[in-house]
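Below is one structure; the comments refer to it alone.
Every number here is computed from the coordinates shown, using simple stated rules; none is lab data. Model, not experiment: these values are computed from the prediction. Cβ atoms come from the backbone with ideal geometry, glycine included; neighbour counts cover every protein chain shown.
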Amino acid sequence: MYIDALVWGDQFTQNQVEVFYYDDPALKQANIAESPANLQSQLLLTVDFKNNDLGRLTRLGDAKCRFTAGHK
């Protein structure tokens with residue numbers, strides 16, 4: 001599916017497709033810092049969704065978790 005979206009000053013593409021921008025959420029707190037790979041652990045996360053519309057994210061989003069090894 002091809003979507004044409006252009007914002008140039010106050011001129012917008014007229015193709016009847018809604019495009020939304022969102023701020024990446026930020027992790028505020030986690031109940032555990034690490035867990036061995038061979039054990040199941042329940043992660044409880046406190047997340048700051050900033051100024052995003054949570055209703056729209058719930059309705060249109062496809063939430064995924066991404067994990068990385070090591071510390072930043």
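Looking at 57, 36, 67, which one has the Cα that reaches farthest to the positive end of the dipole of the stretch 24-67 (charges on Cβ: Lys, Arg +1; Asp, Glu -1)? Final value for the positive-end residue is 57. Eigen-decomposition of the gyration tensor built on the alpha-carbon atoms of the stretch 24-67 gives equivalent ellipsoid semi-axes of 25, 13, 8 angstrom, largest listed first.
When 66, 59 are arranged by Cβ crowding within 10 Å, least crowded first, meaning fewest neighbours, the order is 66, 59. Relative to the current alpha-carbon distance between residue 58 and residue 35, full extension at 0.36 nm per residue lengthens the span by 5.4 nm.
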